[in-house]
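Here the structure comes first, spelled out in structure tokens, and everything after it is commentary.
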Amino acid sequence: MIWLYWLLSYSIGNFMTAYFVGKVYNVNLQEERSKNLGARNAGSVIGKAAFTWTLLGDLLKGVLIVVLGRYLHLEEWVIVGGAFFVIVGHLFPIWLKFNGGKGVATFVGVGLVLSPELFLFMVIGTVLTALVTRSLTLGMLGGFVFYASAIIISGQLQTYILMLLAIILMLIKHKSNIQESLDRKK
């Protein structure tokens, strides 16, 4: 049951909302601007509606996996595994040669329903860092630091360790964005 849930989680993560939104607008987002299949690129290339639909689609797949795990009465560590695999599916979709999005919207969906208390630290860290740096990318980085710290301080590291691994993978995908933001601050 656990492996089936995790396989389903990865498979749902493979649903790349931006890819299908791009098809509606006859745009291949993998060839435009950042070439990323995420809400930010969809919005930059196509417009606000594309951003909104992509954000909602990617967010909802994260919500769906956690809600499904709770509905099936799975243990929390198993649901966290599902959350990890839905994010990994978004980052590395098999049908697109492992070239997906950067995972933030899916992470937000997961975080909102997995543990709203822990996710609040993500929000606080993002807002505070973004206010100081005037950069949403660096704000996200601050949010991840606050979120990871909240997991460790709350004593839930063993249960939520895969969420920290998901954050590391997302940071790797955001490496160029982070470097660009830091270079602008110099």
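Side notes on the structure shown:
- Based on Cα contacts under 8 Å between residues 6+ apart, region 22-67 shows a relative contact order of 25 percent.
- When the residues K102, K175, K23 are ordered by accessible surface, computed with a 1.4 Å probe over the protein chains alone, the sequence from largest down reads K175, K23, K102.
- The fraction of accessible area contributed by carbon and sulfur in the chain is 69 percent, rounded to a whole number (1.4 Å probe; ligands and nucleic acids excluded).
- Whether region 1-106 is rounded, prolate or oblate, judged on the alpha carbon gyration tensor where a/c under 1.5 counts as rounded: prolate
- Magnitude of the charge dipole, region 1-151, Cβ model with Lys/Arg +1 and Asp/Glu -1, debye to 20: 460
- Using C-alpha pairs under 8 Å with a sequence gap of at least 6, the mean separation divided by the residue count of the chain gives a relative contact order of 20 percent.
- Pairwise Cα separations in region 93-186 fall into 5 Å bins from 0 onward with the following percentages, short to long: 3, 14, 22, 25, 17, 12, 7, 1.
- According to the calculation over all Cα-Cα pairs in region 133-186, the P(r) per 5 Å bin from zero is 4, 20, 26, 20, 14, 10, 5, 1 %.
- The three principal axes of the C-alpha atoms in the chain carry coordinate ranges of 41, 38, 25 Å, sorted with the longest axis first.
- Gaussian network model of the chain, springs between alpha carbon atoms under 10 Å - residue of L131, L91, L114 with greatest fluctuation: L131
- For the chain, the solvent-accessible area of protein heavy atoms averages 53 Å² per residue (probe radius 1.4 Å; ligands and nucleic acids excluded).
The values are calculated or read from the model by the stated rules, or taken from the named source; none is laboratory data. Because the structure is predicted, anything quoted here is derived from the model rather than measured. Glycine also receives a Cβ, built like all others from the backbone with ideal geometry; neighbour counts cover every protein chain displayed. Areas reflect the complete protein model, heavy atoms only, side chains present, ligands, DNA and RNA absent. Shrake-Rupley method; radii C 1.70, N 1.55, O 1.52, S 1.80 Å.
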